[in-house]
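Structure, as structure tokens:
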Amino acid sequence: MFVILDKKVLNEQVTWLTLDAPFIARKVQPGQFVIIRIDEKGERIPLTVADFNAEKGTVSIVFQAVGFTTKKLAAMSVGDSILDCVGPLGCPTNFASPKKAIVIGGGVGCAIAYPQAKALKNMGVETTVITGFRNRDIVILEQEMRNASDSYYVTTDDGSYGEKGFVTDVLKRLIAAEKYDLVIAIGPVPMMKFVAETTRTYGIRTIVSLNPIMIDGTGMCGGCRVIVDGQTKFACVDGPDFDGHKVDFDSLMRRNGLYRNEEDHACRMEGAVNG
Amino acid sequence: MADMSPYKIKMPEQEPYVRNKNFDEVSFGYTAEMAIAEANRCLNCKNKPCVSGCPVHVRIPEFIALVASGDFLGAYEIINQTNSFPAVCGRVCPQERQCEGKCVRGIKGESVAIGRLERFVADYYMQNGSKGVKIAPANGKKVAVIGAGPAGLTCAGDLARKGYKVTVFEAFHTAGGVLVYGIPEFRLPKKIVASEIDGLKKMGVEILTDMVIGKVLSVDEIIEMGYEAVFIGSGAGLPMFMGIEGENSLGVYSANEFLTRINLMKAYLDDYDTPIRKSRSVAVVGGGNVAMDAARCAKRLGAEHVYIIYRRGEAEMPARREEIHHAKEEEIDFKLLCNPTRIISDETGAVTHIECIEMQLGEPDASGRRSPEVVPNSEFILEVDTVIMALGTSPNPLIRQTTAGLETNRKGCFVVDENLKTTKAGVYAGGDAVTGAATVILAMGAGKSAARSIDEYLTQKQ
């Protein structure tokens, strides 16, 4: 059993939960994920780790309540327990040694981009964060992201907060003006696709974190297969990070829609970052 | 004088048209009268060929003689001395290629139904046997077992019986390995697996679920925690795909994913949350037990048409005879001697058809089976909305990637000596993680051998 130690409602749909998970907390690194199951009849859903504290033995997850399980999870309170939490799964992000990096988070994807920005800043990398949201009401983790970056930009589709427009508008401006050697993009699949298209011409190394359907998270089901550089990869063991310039985003979007018609079920990673 | 009927006593089972709509067990098992009658068919022959056919050398004629005399609990004692999980083996062993394949009665007529008798005895014990468990005096030594499947559980049980304190680390949320995620309820009820695992827990075996070794803990860290030996029974979990066009279309599953959703996650029951797509027409590719299980599950979930596509003939199918027979009775459509060439999908990416090509059998290959060859220009198309790939599996790389000094071969299987010792001191391995995908009983046999080797190693180490 994994006890919920802290709960923060980040916006109407997005919730932050901190779990008591000492074994995982000792090992987890940015980019890795856990699989949780709320109760005996629950489904297994993958959620990327948004924060962790090895000393306190805690792991935090952030999710959007869009599917059956994420809605159930959002309704839970501090002191409640979830039955299973497995991890850390997937490969940690390979940052290499960049000098100047841009971390982009779209919507609830911000929560997953947060540990990446934090890690880069701690490594002494000059870190710029760009976050994008539909409107002012759903902006999340602004203060955290400011703390984890040297410069911070926020965009909204309707201009109700920060700059009006998309994260790629800011990105284009920044990379045209100065030299960056790493871009990390986490968010809706179309956003990651456009970020990768934007950086491709500049030849900037671009990492994206993918979010396909999966069950076990250890390479067993093959449900999370994605096409990267023309080859089939399993996001759970080969990823979830991949080279954004090599991912077949269109096939990923199709696969993520697989269970859209099956009643209330939604078991996409991050509870639908793609929302 | 033995009963010289050339036929096995039939085991009562659900009618095909009833059972292909439910997940209840297909066979009801023998009654005591049937078991005694069948046991009387055994000649109790001197050289006991059946025993040599059993990977764990169950003393078959001895237990059958006790069944014939009505001493069912005595029969259980005999079986249990060499087989930790007879209720499982009686149901899933390929007896026709093991004990029953060697039975003298099989020369003229049908062999003695050894598997059915084993199942009867084990089920009888579960209902009527002693609930008390003998707990061996602790010897103060800790052993870790990685993987709670047939190999790991057998190894854990044998070591616990010798007084070792055993901890089993399981990646899934439920212990049992392939017995819970792979083999369906209608072939092996999960309450039987749970009851066998409860027996181990009563013996003092500790089972820690949700522990992916190689991620949350490394093998070296386990050793640092004070475990004096480690057994790796992590199985062969990675599904293979064909690499044909359209394989990533919507509606193409690995058999692992399809079966895990159904068996482990219980997607077939309304009150469980895991989804499974409703299929109308399904093609299962492969000819092993896993292919039969997937096809029969698809039928039970309501598919109108289910094909098995296999590139060789029926005689070459690796599945148990009984499963092939049951699948046919349940209206699974066997497309033999053909092989998929591509999967066709619509504009949304969803599967609409599978294209296959006819095959013919050529010269025997390395496995001794005649290798299939393509019949040129013989392509044909089947209308399907789901394709399930049941082509076999390969070992999971998580442990080998995170453990220094643990040698693996070209296929990623752990390299072990005749005592199942790996290239790393104190670390043993067995089951599919060593052999590649094989059977439950071979994995159990490996678990037993490894337990023996670990006991010798730790006794000498003293």
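Results, tabulated for the structure shown:
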item: Positions within the range A:176-193 being of a type outside the set (Lys, Arg), buried (at least 18 other Cβ atoms within 10 Å of the Cβ) and assigned to a helix (DSSP H, G or I), in sequence order; result: A:Val189, A:Met191, A:Met192
item: The range A:17-37, residues that are of a type in the set (Gly, Ala, Ser), surrounded by fewer than 24 Cβ atoms within 10 Å (Cβ to Cβ) and in contact (Cβ under 8 Å) with a residue 60 or more places away in the chain; result: none
item: Filter pass, B:Ala255 being of a type in the set (A, V, I, L, M), more than 22 Å from the chain's Cα centre (by Cα) and at negative phi; result: no
item: Selected residue (only one of B:Leu250, B:Leu259 is in contact with a Gly (Cβ under 8 Å, 6 or more places away or on another chain) and buried (at least 22 other Cβ atoms within 10 Å of the Cβ)); result: B:Leu259
item: Scope the range B:370-421; condition more than 27 Å from B:Arg280 (Cβ to Cβ), β-branched (Val, Ile, Thr) and surrounded by 15 or more Cβ atoms within 10 Å (Cβ to Cβ); matching residues; result: B:Val374, B:Thr393, B:Ile399, B:Thr402, B:Thr403, B:Thr408, B:Val416
item: Options A:Asp51, A:Asp20; residue that is closer than 17 Å to A:Asp6 by Cα and at pLDDT below 95; result: A:Asp51
item: Residues of the range B:166-186 that turn out to be touching a Pro at 6+ places or on another chain (Cβ under 8 Å) and within 14 Å of chain A (Cβ to nearest Cβ), as a count; result: 2
item: Residue identified as hydrophobic (A, V, I, L, M, F, W, C) and open to solvent by less than 50 Å² (accessible area, probe 1.4 Å) among B:Val193, B:Val133; result: B:Val193
item: Failed item in (1) in contact with a Lys or Arg (Cβ under 7 Å, 6 or more places away or on another chain); (2) hydrophobic (A, V, I, L, M, F, W, C); (3) surrounded by fewer than 19 Cβ atoms within 10 Å (Cβ to Cβ); (4) at pLDDT 95 or above, with B:Ile357 passing the rest; result: (1)
item: Those residues of the range B:291-304 which are open to solvent by 20 Å² or more (accessible area, probe 1.4 Å) and aliphatic (A, V, I, L, M), in sequence order; result: B:Leu301
item: Cβ pairs under 7 Å, 6+ apart, first in the range B:202-230 and at negative phi and within 13 Å of another protein chain (Cβ to nearest Cβ), second open to solvent by 30 Å² or more (accessible area, probe 1.4 Å) and of a type in the set (A, V, I, L, M, F, W, C); result: B:Met211/B:Ala171; B:Val212/B:Ala171; B:Val216/A:Phe23
item: Residue within the range B:110-122 that is within 25 Å of B:Asn256 (Cα to Cα) and surrounded by fewer than 23 Cβ atoms within 10 Å (Cβ to Cβ) present; result: no
item: Single match in B:Ile9, B:Ile60, B:Ile79 (criterion: farther than 28 Å from B:Gly177 by Cα and among the aliphatic types (A, V, I, L, M)); result: B:Ile9
item: Qualifying positions in the range A:1-16 - in contact (Cβ under 8 Å) with a residue 60 or more places away in the chain and touching a helix residue (DSSP H, G or I) at 6+ places or on another chain (Cβ under 6 Å); result: A:Asn11, A:Val14
item: Residue that is nearest to A:Gly244 (Cα to Cα) [pool: residues in the range A:115-132 that are buried (at least 22 other Cβ atoms within 10 Å of the Cβ) and out of contact with any helix residue (DSSP H, G or I) (no Cβ under 6 Å at 6 or more places or on another chain)]; result: A:Gln116
item: Within the range B:422-439, tally of residues that are open to solvent by less than 20 Å² (accessible area, probe 1.4 Å) and hydrophobic (A, V, I, L, M, F, W, C); result: 3
item: Verdict on B:Thr393 being out of contact with any Cys (no Cβ under 7 Å at 6 or more places or on another chain) and over 28 Å from B:Phe258 (Cβ atoms); result: no
item: Residue match in the range B:8-24 (condition: more than 18 Å from B:Gln98 (Cα to Cα), surrounded by 18 or more Cβ atoms within 10 Å (Cβ to Cβ), among the acidic types (Asp, Glu) and not assigned by TED's automatic domain parsing to the domain that holds B:Phe186); result: no
item: Hits in the range B:446-455 (condition: open to solvent by 10 Å² or more (accessible area, probe 1.4 Å) and either within 24 Å of B:Ser52 (Cβ to Cβ) or not acidic (Asp, Glu) (or both)); result: B:Ala446, B:Lys448, B:Ser449, B:Arg452, B:Ser453
item: The range A:158-171 - residue that is under 20 Å from the mean Cα position of the chain (by Cα) and of a type outside the set (Val, Ile, Thr) and, of those, surrounded by the fewest Cβ atoms within 10 Å (Cβ to Cβ); result: A:Phe166
item: Total residues in the range A:219-233, condition more than 7 Å from every other protein chain (Cβ to nearest Cβ) and surrounded by fewer than 23 Cβ atoms within 10 Å (Cβ to Cβ); result: 5
item: Test: residue in the range B:280-290 that is facing another protein chain (nearest Cβ under 8 Å), within 20 Å of the chain's Cα centre (by Cα) and open to solvent by less than 10 Å² (accessible area, probe 1.4 Å); result: no
item: Residue in the range A:60-110 that is surrounded by the fewest Cβ atoms within 10 Å (Cβ to Cβ), counting only those that are part of a helix (DSSP H, G or I) and in contact with a His (Cβ under 9 Å, 6 or more places away or on another chain); result: A:Phe68
item: Top-ranked residue in the range A:83-102 [being farther than 17 Å from A:Val237 by Cα and among the aliphatic types (A, V, I, L, M); ranked as farthest from the other protein chains (Cβ to nearest Cβ)]; result: A:Ile102
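Rundown of residues vs (1) closer than 27 Å to B:Lys278 by Cβ; (2) open to solvent by 20 Å² or more (accessible area, probe 1.4 Å); (3) at pLDDT below 85; (4) within 16 Å of the chain's Cα centre (by Cα), yes/no style:
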| residue | (1), (2), (3), (4) |
| --- | --- |
| A:Val195 | no, no, no, yes |
| A:Pro240 | no, no, no, yes |
| A:Asp250 | yes, yes, no, no |
| A:Asn256 | yes, no, yes, yes |
| A:Tyr259 | yes, no, yes, no |
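The values are calculated or read from the model by the stated rules, or taken from the named source; none is laboratory data. Please read these numbers as outputs of a predicted model, since none were measured by experiment. Ideal geometry is used to build each Cβ from the backbone, glycine not excepted, and the neighbour counts take in all protein chains shown. Just so you know, the surface numbers come from the protein's heavy atoms only, side chains and all, with ligands and any DNA or RNA stripped out. Shrake-Rupley method; radii C 1.70, N 1.55, O 1.52, S 1.80 Å.
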